Amino acid sequence: MSKPLKRHLLLQDLSRDHHHGLLLCWKIRTGFKKEIAPKRMMKYAQWFWKNHLKVHFKIEEETVFPILGKEHDLIKKALSEHRKIKRLMEGTDNIEVRLNSIEEQLEQHIRFEERILFQEVQSIATETELKHVKEAHSEENFVDNLNDPFWEK
C-alpha cells in the first residue's frame, strides 16, 4: 500500500473540497444502486455544482493553475476536464447518462489533481503563491444539502 500524499498546508482546503467531490461521486453511485430516480440525484448534483464545485473550479483556475502556466500540459488537461464537467452539470440531455459521466469524470479528475497536478504545483510554488491560494479559498465549512438525502434511503 502506498503512503498517503503529503499536501502542503496552504492547499489543504482545496483537498478538503476534493473530498466532498468524491462524496458526490459516492452519493451518485449509491443512488444508482438503490434505484433512486435520476432526476432526484441530478437535482442534488446541480445544487453541489452551483454551491461548491463551480466556486472550487474558479479558485483553482485563478490561483493554482497560473503557478504552472496555461501552456503546461497538466493545466491544459485540468482545464479541459473542468469544461467537460461543467457541460455535464449544466447540460439538458439524458440525465442518467450525464450522472454516470459526472460520477466517472469527476472522480478521475479529482484523483488526477490530487496525485499529479497538486504534487507538481507544490513542488515549484513559492510560499507567496500558496498563500494567495489559501486566501482565495473561503474559510466557510462545507454545508451539505440534506433536503433530499437520497443516498441514505
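The values are calculated or read from the model by the stated rules, or taken from the named source; none is laboratory data. Since we're looking at a predicted model, the values are computed, not measured. When we count neighbours, we look across all protein chains shown, and the Cβ atoms used for this are built from the backbone with ideal geometry, even at glycine. We work out accessible area using only protein heavy atoms, side chains counted, and drop any ligands, DNA or RNA first. Shrake-Rupley method; radii C 1.70, N 1.55, O 1.52, S 1.80 Å.
Worth pointing out:
- Among residues of segment 11-48 being among the aromatic types (Phe, Trp, Tyr) and within 15 Å of Val143 (Cβ to Cβ), the one that is most open to solvent (accessible area, probe 1.4 Å) is Trp47.
- Members of segment 70-88 found to be among the hydrophobic types (A, V, I, L, M, F, W, C) and closer than 20 Å to Ser101 by Cα, listed by number: Ala78, Leu79, Ile85, Leu88
A quick yes/no check of all residues on (1) within 16 Å of Ser15 (Cβ to Cβ); (2) charged (D, E, K, R); (3) surrounded by fewer than 18 Cβ atoms within 10 Å (Cβ to Cβ):
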| residue | (1), (2), (3) |
| --- | --- |
| Lys70 | no, yes, yes |
| Lys84 | no, yes, yes |
| Glu90 | no, yes, yes |
| Arg98 | no, yes, no |
| Ile102 | no, no, no |
| Thr128 | no, no, yes |
| Val133 | yes, no, no |
| Ser138 | yes, no, yes |
| Asn145 | no, no, yes |
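- Looking at Phe57, Phe142, just one residue is at pLDDT 95 or above and aromatic (Phe, Trp, Tyr), and that residue is Phe57.
- Residue match in segment 115-125 (condition: within 14 Å of the chain's Cα centre (by Cα), surrounded by 15 or more Cβ atoms within 10 Å (Cβ to Cβ), modelled with pLDDT of 95 or more and not aromatic (Phe, Trp, Tyr)): yes
- For segment 96-144, a tally of residues being within 15 Å of Cys25 (Cβ to Cβ) and of a type in the set (Val, Ile, Thr) returns 2.
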